[in-house]
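Note sheet for the following structure.
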Amino acid sequence: MAKQVKKEETAAASLVLDDKDLAILRILQRNARSTVKEIAEKVHLSTTPVHERIKRMEEDGVITQYATLLNHARVRKGLMVICYVSLRQHDKKEGTKFIHSILGMNEVIECYNISGEFDFMLKVVVESMDAFYDFHVNKLSQAENIGHVQSVFVMGIIKQTHVLVH
């Protein structure tokens with residue numbers, strides 16, 4: 001796991017994005033459905049170089065995925081909970097087991113390995129408090145090596161963005 005992160009950091013350090021690449025990324029962040037032709041017009045290039053740049057950024061891992069962002073409440077996932085999790089044991093084997101169990105939980109939409117009092121921060125979305133209770137008791141608490149879980153209920157979203165290039 002740590003080797004993969006270091007490999008990605010090394011590759012990222014050697015990758016150079018010019019102003020045209022950044023302009024393409026800005027457009028795609030706002031609307032991933034933009035056509036190559038539309039992007040080419042906005043960045044003042046022909047379609048072939050734009051297509052090649054996008055392909056290169058996909059291959060280099062700059063662009064990792066195209067996604068449709070949904071309104072949680074409109075798809076009956078109106079309750080968002082941040083769960084801080086600490087593990088009982090901190091060795092690689094036990095950490096990997098926990099990560100694999102989290103990857104299989106559809107309610108967890110984000111998982112971060114963090115420093116401090118807790119080891120992981122999970123972003124969980126479910127339909128209701130009853131659904132969260134079921135998730136907590138029957139899934140999260142059943143994961144091996146759980147030491148402590150602290151759940152924080154999101155009262156409102158002030159800012160939520162996926163824009164990295166401005």
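Compared with the direct C-alpha span, the chain from Gln150 to Arg26 gains 41.0 nm at full extension, assuming 0.36 nm per residue.
What shape does segment 22-117 take by its C-alpha gyration tensor, where a ≥ b ≥ c are the square roots of the eigenvalues and a/c under 1.5 counts as rounded, a/b above b/c as prolate, and the rest as oblate? Taking the square roots of the gyration eigenvalues as a ≥ b ≥ c, segment 22-117 is prolate.
How far is the Cα center of segment 19-95 from the Cα center of segment 113-166, in Å? Result: 22 Å between the Cα centres. Considering only Gly147, Gly61, Gly116, the mean-square fluctuation computed in a Gaussian network model of the chain, springs between alpha carbons under 10 angstrom, is largest for Gly116. For Lys123, neighbours were defined as the other residues whose beta-carbon sits under 10 Å from its Cβ, and their charges (Lys and Arg +1, Asp and Glu -1) total -2. Put a dot 7 Å past the Cα of Glu59, heading toward its Cβ, do the same for Ile158, and the two dots end up 4.4 nm apart. For a paramagnetic label modelled on Ser86 (point 7 Å from Cα along Cα→Cβ), amide N atoms under 18 Å away belong, within segment 145-163, to 145-152. Between Glu107, Glu144, Glu38, find the one with the highest GNM mean-square fluctuation for the chain; connect C-alpha pairs within less than 10 Å. For the chain, modelled as a Gaussian network with Cα springs under 10 Å, the answer is Glu38.
A short reminder: the numbers here are calculations on the coordinates, not readings from a lab. These numbers were taken from a predicted model, which means no experiment stands behind them. Counting neighbours? That spans all protein chains shown, and the Cβs are built from the backbone with ideal geometry, glycine included.
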